[in-house]
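Report on one structure; see the data block that follows.
The values are calculated or read from the model by the stated rules, or taken from the named source; none is laboratory data. From a predicted model like this one, the values you see are computed outputs, not experimental measurements. Here the Cβ positions follow ideal geometry from the backbone for every residue, glycine too, while neighbour counts run over all protein chains shown.
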Amino acid sequence: MSTPYVLVLYYSRNGSVSEMARQIARGIEQAGLEARLRTVPAISTECEAVAPSIPDEGALYASLDDLKNCSALALGSPTRFGNMAAPLKYFIDGTSNLWLTGALVGKPAGVFTSTASLHGGQETTLMSMLLPLLHHGMLITGLPYSEQALLDTQGGGTPYGASHHAGPDGKRMLDQHEIALCRALGLRLAKTAILLENGRGQEA
Ligand SMILES: Cc1cc2nc3c(=O)[nH]c(=O)nc-3n(C[C@H](O)[C@H](O)[C@H](O)COP(=O)(O)O)c2cc1C
């Protein structure tokens, strides 16, 4: 069996969601688990266009096995018209076999997003990503208000998951509260995964 890992699966075009993924990975590693960062290819308007199997830069493309074998999942997307981006939805729509076999049932999952405007749909996008995860039977871990940053933030951060306000030009960096909440989400996911794995070990 491979070493347990938390899959950080995301789509990012301009880098904000990638940076969130890196911060979530730091939280996961703080709990002592491996963070496996994976992305999905862009979707082309040309129906026959094929992306290279290895991207030019950044995280590798996710496989269904990455998802099937993870101990927990952090799923991230930029907000697109208040919803997750099509490339991520396209990947999720290809997970029917995992649903049929119940491969993700009982695994912890959390979500994250970035927007251009502060009230431009962070919560709705997070909810849009939670819906398919609930269909898969995953255990949703949001962010509790015991995280002080959730009360203090002037930018992103919601109880439904981590979020970031990138500004109209997309250049606003993650601030201290947004970073703290990304790390808290990663830590919480990893700790929950460890607790569940230990519980299963005792049952066996
Ligand atoms: C097609 C499209 C739709 C978008 N819709 C929204 C939106 O509904 N609300 C919003 O605040 N930002 C919206 N944005 C802006 C992105 O969510 C924002 O720039 C985000 O930070 C990009 O993340 P990335 O840098 O990881 O690609 C949209 C961007 C695009 C290209």
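Could you list, ordered by first residue, the pairs with Cβ atoms under 8 Å in which the first is in the stretch 110-139 and more than 15 Å from P159 (Cα to Cα) and modelled with pLDDT of 95 or more and the second is part of a helix (DSSP H, G or I) and within 16 Å of the ligand (Cβ to nearest atom), at least 6 apart or interchain?
Final answer for the pair search is T115/Q122; T115/T125.
Give all pairs with beta carbons closer than 7 Å in which a residue from the stretch 68-82 that is touching a residue at least 60 places away in the same chain (Cβ under 8 Å) meets a residue that is among the hydroxyl-bearing types (S, T, Y) and more than 16 Å from the ligand (Cβ to nearest atom); count only pairs at least 6 apart in sequence or on separate chains.
N69/S2; C70/Y5; S71/Y5; A72/T192
Go through the stretch 155-176 and report how many residues are more than 21 Å from R188 (Cα to Cα) and near the ligand (Cβ under 9 Å from one of its atoms).
Count: 7.
Does E29 meet the test of being in a helix (DSSP H, G or I) and among the acidic types (D, E)?
yes
Within the stretch 83-108, how many residues turn out to be assigned to a loop (DSSP other than H, G, I, E, B) and within 16 Å of the ligand (Cβ to nearest atom)?
Selection size over the stretch 83-108: 2.
Do we find a residue being of a type outside the set (G, A, S) and more than 20 Å from H164 (Cβ to Cβ) anywhere in the stretch 123-132?
Initially, the stretch 123-132 is screened for residues of a type outside the set (G, A, S), giving 123-127, 129-132.
Then drop every residue that is not more than 20 Å from H164 (Cβ to Cβ), which leaves 131-132.
Taking every residue of the stretch 123-132 in turn, at least one turns out to be of a type outside the set (G, A, S) and more than 20 Å from H164 (Cβ to Cβ).
Would it be correct to say that S71 is of a type in the set (S, T, Y), modelled with pLDDT under 95 and more than 11 Å from the ligand (Cβ to nearest atom)?
no
Table: residues versus (1) of a type in the set (A, V, I, L, M, F, W, C); (2) surrounded by 17 or more Cβ atoms within 10 Å (Cβ to Cβ); (3) in contact with a Lys or Arg (Cβ under 7 Å, 6 or more places away or on another chain); (4) farther than 21 Å from R36 by Cβ.
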| position | (1), (2), (3), (4) |
| --- | --- |
| R80 | no, yes, no, yes |
| F91 | yes, yes, no, no |
| K107 | no, yes, no, no |
| H136 | no, yes, no, no |
| T141 | no, yes, yes, no |
| Y145 | no, no, no, yes |
| T153 | no, yes, no, yes |
| G157 | no, yes, no, yes |
| G170 | no, no, no, yes |
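Working only within the stretch 141-167, note down all residues that are among the aliphatic types (A, V, I, L, M), farther than 16 Å from M129 by Cβ and without any contact (Cβ under 8 Å) to a residue 60 or more places away in the chain.
If we filter the stretch 141-167 for residues that are among the aliphatic types (A, V, I, L, M), which is where we start, we get 143, 149-151, 162, 166.
Filter again for farther than 16 Å from M129 by Cβ, leaving 149-151, 166.
Those that are among the aliphatic types (A, V, I, L, M), farther than 16 Å from M129 by Cβ and without any contact (Cβ under 8 Å) to a residue 60 or more places away in the chain: A149, L150, L151.
Quick check on the stretch 1-26: of everything there that is outside any helix (DSSP H, G or I) and closer than 17 Å to G161 by Cβ, which residue is nearest to the ligand (Cβ to nearest atom)?
S12
What number of residues in the stretch 1-52 are crowded, with 21+ Cβ neighbours inside 10 Å, out of contact with any Asp or Glu (no Cβ under 8 Å at 6 or more places or on another chain) and of a type in the set (V, I, T)?
Matching residues across the stretch 1-52 total 5.
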